[in-house]
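Participant: Structure incoming, see below.
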Amino acid sequence: MAREKPVPPPQARVDDENKLRRTAPPFLHKVGYAAHMYGLQAMLALPLYLRGWKEHFYPPENGPSIVKTYDVRPALPVRIFFPASFDLTSPQQLPTLFTIHGGGWCIGVSRDDDEWNRAFADAHSALVISLEYAKAPWSPFPTAVHDLEALFHAVLADESLPIARSPSRVALLGFSAGGNLALALAQLPSVSGAAGGAPQAAVSVYGCLDLARSPWAKMHNRFYKVALPPPRNHIEDPLARLCPSFDWSYIPYGHDLRDPLLSPAFAEREGLPRHVCLVGAELDMLAHESWRSAVRWANEVRGGPSRTRPVPDPDIKEDKVRKVGKRASSKRKGELEPPGDDRYDFEEWDEDGAGSVKWLLVPDVLHAFDNPGMRNVMGGEETMQDAEMKTVAYQAEVAGWLYREYQYEPLHGLNHIRLLELLPGSEGDPISVILHEHSLSDDAGYEAISYVWGDPAARKEINCGRGTLQVTVNLHDALSHFRWPDRARMLWSDAACINQQDLDERASQVQLMHLIYQNASRCLVWLGPSDADSAAAVPLIADMTAIVARRLGVDLDQLDEQLERQGRDMFLAKRVGFEGLPEKTDPIWASLMRFFARKWFSRVWVIQEVNFARSVLFYCGADCMSWAALFHVSDWIMTNSGSLRWHDIMTRQPHDLASLMTRRSGNLMDMRRDGFNKDKLEVDQLLDYGKAFDATDLRDKVFAMMNFNAFRRAIPDMVADYTLSVAQVYTETTMAAIRGQKNLRILLTVEHDPDKPESEFPSWVPRWHRPDSNRSISALLSQDNTASADESLPLDQVKVLQPGPVLQLPGLVVDVVQDLCDIHQPLILNTGVFSRHAFRPHKPWARYRYHDPEDPASRPVEGAPYQTKPDIVEAYALVLTGGYREHDNVFAIGCGGHPNLVAANRVEFVAWLSRLRAIEALFPEYVPPGLYSPTQPGFGDLYGDQIPDWSAHWERMIRVYLLGRMLFRTRRGYLGLGTRGLMEGDLVCVLFGGNVPFVLRKVGAGEVVDNGEERYALVGNAYVHGIMEGQVVKEWKEGKRERRIFNLV
């Protein structure tokens, strides 16, 4: 095809095939250029000065939020635009756009772009920072580039600005000559390698990118559309007569016109930010060089483009290649051209989705169409309206490209999930991933991540395919750590692999969670970055694990297999003791405590993640630990931490922090398979365990447990419905568990906090989101007691009435609460020992009366449940421990049906009382109220050597059993241990299907429901000595008690 002879730029010479030098023009040309430029600058100076004063006294609505100056360039102000909706007190970081104004490097100021900057900041929630630079001819190339470089670094270093620095969400954008400067600035090593703020994208809007081609030659590279109104139909571009003066002012003589910093069109793709966008104006003589550059760079994308486009030749005769756009004018007023025509819009992505090149041509507009000042000069009403509308349209297009969020595609099968391909990278590189759909019936060889979400507002950006995902800081850290430098890694993570905004998908994926972890080759637990405490704790964990391995006679790498095969050795930790370990006062124990205080150990979802996984590895920074290692250390903590001298180890709240460590260690042990997946566990037990764990969404307290066998047996059709409120989820689960389990065990977990009433919950619905202060005793009460004997729950009589909901249950009234006594828990003293329990009755208790065969005058109350002194002692001995006993650190040994255990409790109770008698006169609250004698029972001088040990063991037991409980006595004299919040007049009842008594309270005096029965609130469960083995139900069958229907609200 024939070519036109290329037109060389004026005053240029070719030194070699790569360098085109700027030469000095003739003297008269110099005079003309100087007169033109200095005259233009002088003409604009006064209006600019007056405009500045006006805006000082009458700030415009579209002005900057603040204007700052920096010491590096005090004469160049920086104009900063916060989004109108942004809270200045918020810690949120904002995507940041640095803008650079145009004006041929010689005229204009950053104030000229205020309207554009304000509109972009408000519409797209971005921080816009407008930079200034010194003007030519006084400051020729490369002064402006280095002015911008200095200001860019000064602004990045300004911690008062909410710039999204890490990972960087910083972009550069320039108009006209500013587009040239934006691409030049992005190429500087100090900018592209800036720590915490390197630009990830650069945008040139109608930029002047090729200064090696003469302005007159560029005139032939655009169409002239005579059908448009003036000046858009003029043959000559209005910019053409200004360009020679601009070039003379800015370009030094002798400089290479193909220098990429001077002419970015000659830059290599790899020297630019990963994302580049070029915007052209169709009627602008500069548009072709932007089009040409976009095509060339798109052909150089990493991994190869999806299609290779021929680079437009500005010197060929064929208009389709020589000229940008098309001859006919657009019929879409105020709109961009629809996608599909590469002349107007295309986008090419790197193979890994981490970079892109975009071209956008705005139809039928002139250079600077988006600048209000230029619009007013260069067009009529129709032209101005068209330009305004297209400005908004291309702004939205650029913002969508800059801040493109990954768009999830719907999954195509019920057992389909997404897997995250973590692409290789070095430390400090942006995280890049690709999501793939996968069927769980196929073997994909992936690993599943278990981690804590953390603050949902604190997020970082990762590249995902052709978009970005906002992930929590913790997940970003985990991906950074798990990324391999030389190959991709296939992972699964809930936050990235599940569309969290799609409630239906979220619910369906929750149903598959156990299968996701079962099918994973390994579960990778990310505990978080390392710190000083983990640096001390991890070696200690390794030492303790080695000791356990030696005790078991296995190699370290066999511990996981041994634990899986044989389960927990309940006495191993006690045998290990402190053998070969630091002293009990060593501060290293505080580091171990803080290690186990990490939030992962209390996250509710980790229960099933660890339980269903084939194998588990824990990562804390660069340290890696096995499941068996942390399990055996947790077991040791649960067994031996009480012997540590916390008052010597720590000075600030040692008891609370030590308790936290013990609870978190217990959480880890509860995750083991034999603890959570045995068939004996029921829904109520799973949910009760979950109270010790945390959830960001409180509904997950239930949904995180629903894949265990207990739920599948009792509530097989349950689904995770995130459209329901927390109260609705808990209420429906409670009712479903009652029907599925055919008992009332789930009501045992009801505990009310008198200080924090929650009216949206029915009284009979457990608050699984609230930590349970009496979890230990409630869990135990459900195991061995049979208050309703063999009377099963008649499901046909269990109803839920509306409004309410009201739960109807059949049962029997036992007695009425008369005496109450609060129990204050002991605290750890500065000496390292515990203080004693304090028994504080609401009013004085009458002493129990008893029958003594040797004393004819002694007479118990008629019908009293405890007739003799041994009966009364036994009642106290069992009530204060909830009917249980501890042996070798196992607290769940029920005394019912075991006379030897009852006798042991009675002996230790009396030994405890014997030690208290000496100080009872000074501290009467140490002794429980109501005992039949101020001096009895007691051992006196008998068993002197054994009394301290018996008493100490009793103290240790009741520290557990009395947590969150209060002592009470009924009118007939039944002694009981109930939940907090009991009141005089409450009813002690036995409900059919419940294996312990419950305490009910009449509410709404005179209010009844449709069956005519009164309404009651469920206060909580109770241990009541004398009725725990079906005695009340037996009396009902003998006709001594009347069956009732209770309406619980």
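The values are calculated or read from the model by the stated rules, or taken from the named source; none is laboratory data. Being a predicted model, the structure only gives us computed values, none of them experimental. Cβ coordinates were reconstructed from backbone atoms using ideal geometry, including for glycine residues, and neighbour counts include every protein chain displayed.
Participant: Just the residues that are more than 30 Å from Ala42 (Cα to Cα) and touching a Phe, Trp or Tyr at 6+ places or on another chain (Cβ under 7 Å), please, taken from the range 173-194.
Facilitator: Val191
Participant: Next question. Given the structure, is Ser426 in contact with a strand residue (DSSP E or B) (Cβ under 9 Å, 6 or more places away or on another chain) and surrounded by fewer than 19 Cβ atoms within 10 Å (Cβ to Cβ)?
Facilitator: Values: in contact with a strand residue (DSSP E or B) (Cβ under 9 Å, 6 or more places away or on another chain): no; surrounded by fewer than 19 Cβ atoms within 10 Å (Cβ to Cβ): yes.
Considered against the rule, which asks whether it is in contact with a strand residue (DSSP E or B) (Cβ under 9 Å, 6 or more places away or on another chain) and surrounded by fewer than 19 Cβ atoms within 10 Å (Cβ to Cβ), Ser426 comes out as no.
Participant: Give me a count of the residues in the range 55-92 that are in contact with a Lys or Arg (Cβ under 7 Å, 6 or more places away or on another chain) and either within 26 Å of Ala457 (Cα to Cα) or loosely packed, with under 13 Cβ neighbours inside 10 Å (or both).
Facilitator: 2
Participant: Might you let me know whether the range 715-737 holds any residue that is out of contact with any helix residue (DSSP H, G or I) (no Cβ under 8 Å at 6 or more places or on another chain), aliphatic (A, V, I, L, M), at pLDDT below 90 and farther than 18 Å from Asp697 by Cα?
Facilitator: There is no residue in the range 715-737 that is out of contact with any helix residue (DSSP H, G or I) (no Cβ under 8 Å at 6 or more places or on another chain), aliphatic (A, V, I, L, M), at pLDDT below 90 and farther than 18 Å from Asp697 by Cα.
One line per residue, one yes/no per condition, for (1) modelled with pLDDT of 95 or more; (2) closer than 30 Å to Ser643 by Cβ; (3) not aliphatic (A, V, I, L, M):
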position	(1), (2), (3)
Gln500	no, no, yes
His514	no, no, yes
Gln518	no, no, yes
Trp526	yes, no, yes
Leu559	no, yes, no
Arg568	no, yes, yes
Phe571	no, yes, yes
Lys574	no, yes, yes
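Participant: Which condition breaks for Gly832 when tested against (1) at pLDDT 90 or above; (2) part of a loop (DSSP other than H, G, I, E, B); (3) surrounded by 13 or more Cβ atoms within 10 Å (Cβ to Cβ)?
Facilitator: The one condition Gly832 does not meet is (1).
Participant: Identify, please: which residue in the range 438-458 is within 8 Å of the chain's Cα centre (by Cα) and within 18 Å of Leu527 (Cα to Cα) and is, among those, surrounded by the most Cβ atoms within 10 Å (Cβ to Cβ)?
Facilitator: The first filter runs over the range 438-458 and keeps only residues within 8 Å of the chain's Cα centre (by Cα), leaving 452-458.
Those left that are additionally within 18 Å of Leu527 (Cα to Cα): 452-456, 458.
On the way: Val452: 22, Trp453: 19, Gly454: 17, Asp455: 12, Pro456: 12, Ala458: 14.
Ranking the candidates gives Val452 first.
Participant: Using the structure shown, decide if Ala126 is at negative phi, among the small types (Gly, Ala, Ser), assigned by TED's automatic domain parsing to the domain that holds Ala184 and touching a residue at least 60 places away in the same chain (Cβ under 8 Å).
Facilitator: Numbers: at negative phi: yes; among the small types (Gly, Ala, Ser): yes; assigned by TED's automatic domain parsing to the domain that holds Ala184: yes; touching a residue at least 60 places away in the same chain (Cβ under 8 Å): yes.
Considered against the rule, which asks whether it is at negative phi, among the small types (Gly, Ala, Ser), assigned by TED's automatic domain parsing to the domain that holds Ala184 and touching a residue at least 60 places away in the same chain (Cβ under 8 Å), Ala126 comes out as yes.
Participant: Let me spell it out: the conditions are (1) in a helix (DSSP H, G or I); (2) modelled with pLDDT of 85 or more; (3) out of contact with any Ser or Thr (no Cβ under 7 Å at 6 or more places or on another chain), and Trp53 meets all of them except one. Which number is the exception?
Facilitator: Only one criterion is unmet by Trp53, namely (2).
Participant: Still on this model: I want to confirm something. Restricting to the range 592-623 and keeping residues that are of a type in the set (Gly, Ala, Ser) and modelled with pLDDT of 90 or more, which single residue is nearest to Leu527 (Cα to Cα)? Walk me through how you get there before you give the answer.
Facilitator: Our first condition is that a residue be of a type in the set (Gly, Ala, Ser); within the range 592-623, this holds for 597, 602, 613, 615, 621-622.
Remaining after also requiring modelled with pLDDT of 90 or more: 613, 615, 621-622.
Numbers: Ala613: 17, Ser615: 16, Gly621: 8, Ala622: 11 Å.
So the residue we want is Gly621.
Participant: Then there's this: Go through the range 272-383 and tell me which helices (runs of 4 or more DSSP H), entirely inside it, have 3 or more residues that are in contact (Cβ under 8 Å) with a residue 60 or more places away in the chain.
Facilitator: Working: elements: 287-298, 319-322, 372-378.
Those helices (runs of 4 or more DSSP H) span 287-298, 372-378.
Participant: Sticking with this structure for a sec: Mind checking which residues of the range 129-161 are within 42 Å of the chain's Cα centre (by Cα) and in contact (Cβ under 8 Å) with a residue 60 or more places away in the chain? Give the steps one after another, and end with the answer.
Facilitator: Pass one, the range 129-161, residues within 42 Å of the chain's Cα centre (by Cα): 129-133, 145-161.
Scanning the range 129-161 gives Ser130, Val145, Asp147, Ala150, Leu151, His153, Ala154, Val155, Asp158, Leu161.
Participant: Is it fair to say Ala546 is touching a helix residue (DSSP H, G or I) at 6+ places or on another chain (Cβ under 8 Å), without any contact (Cβ under 8 Å) to a residue 24 or more places away in the chain and small (Gly, Ala, Ser)?
Facilitator: yes
Participant: Mind listing just one residue for me: the one in the range 573-605 that is buried (at least 17 other Cβ atoms within 10 Å of the Cβ) and of a type in the set (Gly, Ala, Ser) and, of those, nearest to the chain's Cα centre (by Cα)?
Facilitator: The qualifying residue nearest to the chain's Cα centre (by Cα) is Ser602.
Participant: Given (1) at pLDDT 85 or above; (2) over 30 Å from Glu1014 (Cα atoms); (3) surrounded by 16 or more Cβ atoms within 10 Å (Cβ to Cβ), identify the lone condition not met by Ala903.
Facilitator: For Ala903, the failing item is (3).
Participant: So, one more: Taking the range 311-343, which residues are within 45 Å of the chain's Cα centre (by Cα) and aliphatic (A, V, I, L, M)?
Facilitator: Leu336, the sole residue that qualifies.
Participant: With the structure loaded, tell me whether Val311 is β-branched (Val, Ile, Thr) and crowded, with 18+ Cβ neighbours inside 10 Å or whether it fails that test. Break it down stepwise before answering.
Facilitator: Details: β-branched (Val, Ile, Thr): yes; crowded, with 18+ Cβ neighbours inside 10 Å: no.
No; evaluated as a whole, the condition is false for this residue.
Participant: Among the candidates Val525, Val610, single out the residue that is in contact (Cβ under 8 Å) with a residue 24 or more places away in the chain and not in a helix (DSSP H, G or I). Show your work before the answer.
Facilitator: Values: Val610 fails: not in a helix (DSSP H, G or I).
Matching residue, one of Val525, Val610: Val525.
Participant: Counting only residues that are buried (at least 21 other Cβ atoms within 10 Å of the Cβ) and charged (D, E, K, R), give me the helices (runs of 4 or more DSSP H) lying completely in the range 159-247 with at least 1 of them.
Facilitator: Values: elements: 177-187, 189-192, 215-218.
Passing ranges, in order: 215-218.
Participant: Something else about it: Go through (1) in contact with a Ser or Thr (Cβ under 8 Å, 6 or more places away or on another chain); (2) surrounded by fewer than 19 Cβ atoms within 10 Å (Cβ to Cβ); (3) modelled with pLDDT of 90 or more one by one and return the number of the condition Trp105 breaks.
Facilitator: Failing condition for Trp105: (2).
Participant: Which one is modelled with the lowest pLDDT, of the residues in the range 907-926 that are of a type in the set (Phe, Trp, Tyr) and in a helix (DSSP H, G or I)? Explain how you work it out, then say what you get.
Facilitator: Of all residues in the range 907-926, those of a type in the set (Phe, Trp, Tyr) come to 909, 912, 923, 926.
Restricting the remaining residues to those that are in a helix (DSSP H, G or I) gives 909, 912, 926.
Working: Phe909: 92, Trp912: 90, Tyr926: 86.
It comes out as Tyr926.
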